[in-house]
Amino acid sequence: MTFPADLRYTTSHEWVRVESGVATVGITDHAQAELGDVVYLDLPKPGRACTAGIAVAVIESVKAASDIYAPLSGEVIESNKEAAENTGLVNADPYGAGWLFKMRPADPTAITSLLDAAAYQAHIGQ
């Protein structure tokens, strides 16, 4: 299982990468492994306002359906249509092609309140 050091993490198993004021969001390798094969994604539409900690998407696997929570407050600017059409990308490449949505954070510095890789690993007992 991988935990890239350049990302920030939530206790609800989302990861975030902020570049040039845009936050890319996905689920962690740990989360996709726990879910099993992802079969459906209901991703937020561009323009949707998000509040940190509030559900903005749904991911369904062969085992369960789970909410995806906004890690930061802001506005969705893009959803990963490719992952929605080929849900296996979330399992195969959760930190790359399997990202879920991009957002413009209301406060880009809020990312510092999220877990770093070591804290996330401790959170999941790894």
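Just so it is clear, none of the values below were taken in a lab; they were calculated from the coordinates. Source: prediction; values computed, not measured. Note that each Cβ is placed from the backbone with ideal geometry, even for glycine, and that neighbours are counted across all protein chains shown.
Which residues, counting only those in the stretch 35-59, are surrounded by fewer than 19 Cβ atoms within 10 Å (Cβ to Cβ), under 12 Å from Val90 (Cβ atoms) and not small (Gly, Ala, Ser)?
Let us first name the residues in the stretch 35-59 that are surrounded by fewer than 19 Cβ atoms within 10 Å (Cβ to Cβ), namely 36-37, 39-40, 42, 45-49, 51-55, 58.
With the extra rule that they be under 12 Å from Val90 (Cβ atoms), the set shrinks to 36-37, 39-40.
Across the stretch 35-59, the qualifying residues are Asp37, Val39, Tyr40.
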Inset, instruction - Given the conditions (1) exposed (fewer than 13 other Cβ atoms within 10 Å of the Cβ); (2) under 15 Å from Ser66 (Cα atoms), report the number of the one that Asp6 does not fulfil. - result: (2)
Inset, instruction - Could you please tell me which pairs satisfy a Cβ distance under 9 Å, a separation of 6+ or placement on different chains, a first residue in the stretch 35-54 that is on the phi > 0 side of the Ramachandran plot, and a second residue that is β-branched (Val, Ile, Thr) and assigned to a loop (DSSP other than H, G, I, E, B)? - result: Gly36/Val62; Gly53/Thr10
Inset, instruction - Among the residues of the stretch 74-107, write down those that are among the hydroxyl-bearing types (Ser, Thr, Tyr) and either under 10 Å from Leu41 (Cβ atoms) or surrounded by fewer than 16 Cβ atoms within 10 Å (Cβ to Cβ) (or both). - result: Ser79, Thr87
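Is it true that some residue in the stretch 37-59 is among the polar types (S, T, N, Q) and touching a strand residue (DSSP E or B) at 6+ places or on another chain (Cβ under 8 Å)? Spell out how you get there, then give the answer.
The initial filter retains those residues of the stretch 37-59 that are among the polar types (S, T, N, Q), namely 51.
After this cut, where a residue has to be touching a strand residue (DSSP E or B) at 6+ places or on another chain (Cβ under 8 Å) as well, the list is none.
Checked against the condition, which is being among the polar types (S, T, N, Q) and touching a strand residue (DSSP E or B) at 6+ places or on another chain (Cβ under 8 Å), the stretch 37-59 yields no hits at all.
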Inset, instruction - State the number of residues belonging to the stretch 1-26 that are touching a Leu at 6+ places or on another chain (Cβ under 7 Å) and under 23 Å from Asn86 (Cα atoms). - result: 6
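Within the stretch 60-73, can you find the residues that are surrounded by fewer than 23 Cβ atoms within 10 Å (Cβ to Cβ), of a type outside the set (S, T, N, Q) and in contact with a strand residue (DSSP E or B) (Cβ under 9 Å, 6 or more places away or on another chain)? Walk me through how you get there before you give the answer.
Step one: filter the stretch 60-73 for residues surrounded by fewer than 23 Cβ atoms within 10 Å (Cβ to Cβ), giving 60-67, 69, 73.
Adding the requirement that they be of a type outside the set (S, T, N, Q) leaves 60, 62-65, 67, 69.
Once the filter is applied, which keeps residues that are surrounded by fewer than 23 Cβ atoms within 10 Å (Cβ to Cβ), of a type outside the set (S, T, N, Q) and in contact with a strand residue (DSSP E or B) (Cβ under 9 Å, 6 or more places away or on another chain), the stretch 60-73 yields Glu60, Val62, Ala65, Asp67, Tyr69.
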Inset, instruction - Just need a number here: residues in the stretch 1-20 that are touching a helix residue (DSSP H, G or I) at 6+ places or on another chain (Cβ under 7 Å) and among the aromatic types (Phe, Trp, Tyr). - result: 2
